[in-house]
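Chemist: Take a look at this one; I'll ask things after.
The values are calculated or read from the model by the stated rules, or taken from the named source; none is laboratory data. Please read these numbers as outputs of a predicted model, since none were measured by experiment. In this analysis, Cβ positions are derived from the backbone assuming ideal geometry, glycine residues included, and neighbour counts consider all displayed protein chains. Calculation scope for accessible area: heavy atoms of the full protein, side chains included, ligands and nucleic acids excluded. Shrake-Rupley method; radii C 1.70, N 1.55, O 1.52, S 1.80 Å.
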Amino acid sequence: MTRSQTQVLAGALLSVGLLSFVAAAYHITKLPDAHFLSRIHADQVDFSAYSSFEEAALALQIEEENFLTAPLTLVSERGQITTSLGALGVDAQSEDSVQYLLNFPTDANALDKITLYLFGQNLSPTLTISEQALKTAFAETGIEQGNKDASFGVENGQVVILEEQIGYGIDLKTLTKQIEGYWENGATVPASDTLPLLTSEPAIRTAELESLLPLAEKFAKRSFTLTDEYGDSWDLAMIDHIDWIKPVTEFSSTGAEWEINEAPFITFVENTLVPEVEQDPLPVVITEKEDGSYEFTGSARFGREIDKTELRTALFNALQTEPTEEEPASSIALPLIQTKPEITVPDSLKERGITELVGVGYSTYKTSPTNRIANVNRGFQQFNSIIIEQGAEFSFTGLMGPIDAAHGWLPELVIKGDETIPEYGGGLCQVSSTMFRAALYSGLPITARKNHSYAVSYYAYPYGYGLDATVYDPNPDLRFMNDTPADLLIQGYTDGFDAYFVFYGTNDGRTVTMEGPYSYDYTSISTPQITITDELAPGERVLDSYAHTGFKTDWYRTVLYPTYTEDQLTDPNFIISPYAATASGVRENIHSAYEARPAKYLEGASE
């Protein structure tokens, strides 16, 4: 009993006297069920029409069942659907009300009966409506449709304008109120009612595209090659993506009347490029061994993500620019964002500033003979765990040590002058070329490097020719400067036939862009070189080495040093590269000239 009800009863006692009230109360408790049912109110059932609580409970259940199963036709300009409220996910939730009615005759005490008789009871069950069920019920009706902008398409090889489409959706908020009204209005379901709809207008109309049609027809003839830093490429024919061309819908800083439609462009990038291009960064744990050298668990790699905004801008600019022989607009470099890996190092390295990944060099030596494989593995072990001090110049031959059988080297072919002959350490150029690439991609200044006399296929993968470095003690040598703010630690290792040098130190934020290879001036020597030998039968000829085509190759490297803050510039402990002021942003040419070599034969001396 509520506080107000108690106060009413107290007032009744005072006004009629205690004995009279007790008699009246006793009389109330003995009244038939019909008297109590007349005091119960529900929007859906008139309980005064029933003589027992059991009949009233059954009537409420029947009313709910009829309400949920009655056929209802909802009509709209997009079509109609005949269904039931139960099928639409409506539930009257009358279970508590039914139990109240069934239990009242046995569970209610005298005070409960007096309270009900004097104050009445509201017993309208709560209606619940599942929004998800409502959506599902209309999903297959065809009444709803998404809006669609007018766009360019291709039919029979011709660019056409595909008309816009108005969007229609069920107005769930209004429909819910309609259904609640049925319940509150005596659970009366009409035979038919309006299905409320919402409309959404397209942002681009056919008329807006008509002026851009000649431009779209021109763009449909263009195709591009998207390339990454590893030489992988993806073809992009604009006729397959002509729906990317749309009129500018907001202010454009370019002043153009058109722009690249972001939604289909991003869908293409996510579905086609991201799975093949993007990579997660790889962590490494570096520990110090008792002898002071370092051991690596894992090998760090930068992750990479496609800069979708920059790629969209690059494609827009490429479409705006007519291709020329010097700057072919058909090629677009994929703009990538480097993501840093987690590097775990001991305190001894932290003290030297070795805490981050600086750069990686890679090569492969598949199809190498046994001795060459052994020498390559030996060379990478030689440089593993070496530290290059800040400001020092690295010399490959200076750190190699003796190259002979006593130090574990095997004889293998080396290029020496115009000959290719076996010597101890043959294959070391695989090691030096990989080191050269690590220095290149770390943005370090290269102070000495020479390409091989002729093009060797081992060094063409994956970047193409022009990124090799030949060494021979004492010269030619491979040298570069550590101009980073801290010492550099080298991790060198092979994995199968893949070879890696990884540089760890302090990444000062410099970025490296590589362009190439650009090969030209091809030459060849058609006349073979014949060497007479007594080891073959007279007149017998055997191929000793294949011919090699001569050509020149250019790569261009641009190192962009970070913009230093005023605090960094004035901090005497902060080390700034001495090359930053003069080398930052300079397009550096890495030139290689490979000689043409004739095919060489051995021929048996004539008798």
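Chemist: Under unit Cβ charges (Lys, Arg +1; Asp, Glu -1), what dipole magnitude, rounded to 20 debye, does the chain have relative to its Cα centre?
Modeler: Using only the charged Cβ atoms, the result is roughly 620 debye.
Chemist: If DNA, RNA and ligands are ignored and the probe is 1.4 Å, what is the ranking of 211, 433 by accessible area, most exposed first?
Modeler: Listed by decreasing accessible area, they come as 211, 433.
Chemist: Checking the cross-link filter: which lysines have an alpha carbon closer than 21 Å to that of residue 173, excluding same-chain neighbours under 8 positions apart?
Modeler: Within the straight-line limit of under 21 Å, residue 173 reaches these lysines: 135.
Chemist: Just add up the charged neighbours of residue 590: K/R +1, D/E -1, any other residue whose Cβ is under 13 Å from the Cβ of residue 590.
Modeler: Net local charge, residue 590 excluded: +2.
Chemist: Could you work out the local net charge near residue 181, counting Lys and Arg as +1, Asp and Glu as -1, over the other residues with Cβ closer than 14 Å to its Cβ?
Modeler: -2
Chemist: Okay, next question. Can you list residues from other chains, or at least 5 along the same chain, whose modelled amide H is less than 5 Å from the amide H of residue 259?
Modeler: It is 246, 248, by chain and number.
Chemist: To make sure I understand the rule: partners must be lysines, Cα under 24 Å from the Cα of residue 246, and not fewer than 8 residues away in the same chain. Which ones qualify?
Modeler: Correct list for residue 246: 148, 218, 221, 308.
Chemist: List the residues whose amide H sits under 5 Å from the amide H of residue 409, counting only those 5 or more places along or on another chain, with H placed 1.01 Å from N in the peptide plane.
Modeler: 404
Chemist: Here is a further query. First select every other residue whose beta carbon is under 12 angstrom from the beta carbon of residue 560; then total the charges, Lys and Arg +1, Asp and Glu -1.
Modeler: Once positives and negatives cancel, what remains is +1.
Chemist: Moving to a separate point now. What is the Cα convex hull volume of region 78-190 when expressed per residue in Å³?
Modeler: Taking only Cα atoms, region 78-190 has a hull volume of 132 Å³ per residue.
Chemist: Right, here's the next one. Report, in degrees rounded to the nearest 10, the 0 to 90 angle that the Cα long axis of helix 428-441 makes with the longest principal axis of the chain.
Modeler: Compared with the principal axis, the helix lies near 50 degrees.
Chemist: Dimensions of region 472-607 along principal axes (Cα, Å, largest first)?
Modeler: Principal extents (largest minus smallest coordinate, Cα): 84, 33, 29 Å.
Chemist: Helix 110-119 versus the longest principal axis of the chain: what angle, 0 to 90°, nearest 10, using Cα atoms?
Modeler: Compared with the principal axis, the helix lies near 90 degrees.
Chemist: Using only the alpha-carbon atoms, how far is helix 95-107 inclined from the longest principal axis of the chain? Give it as 0 to 90 degrees, nearest 10.
Modeler: Approximately 40 degrees, to the nearest 10.
Chemist: Output the peptides 371-379, 165-173 sorted from most to least packed, where packing is the average of other Cβ atoms within 10 Å over each peptide's residues.
Modeler: 371-379, 165-173
Chemist: May I pose another question? Dipole of region 296-384, Cα-centred, from +1 at each Lys and Arg C-beta and -1 at each Asp and Glu C-beta, to the nearest 20 debye?
Modeler: The calculated dipole for region 296-384 is roughly 660 debye.
Chemist: Now, a different point. With mean projected area of the Cα convex hull in nm² as the read-out, I listed (i) 52.9; (ii) 33.2; (iii) 28.2; which label goes with the value calculated from this structure?
Modeler: Computing mean projected area of the Cα convex hull in nm² and matching it to (i) 52.9; (ii) 33.2; (iii) 28.2 gives (i).
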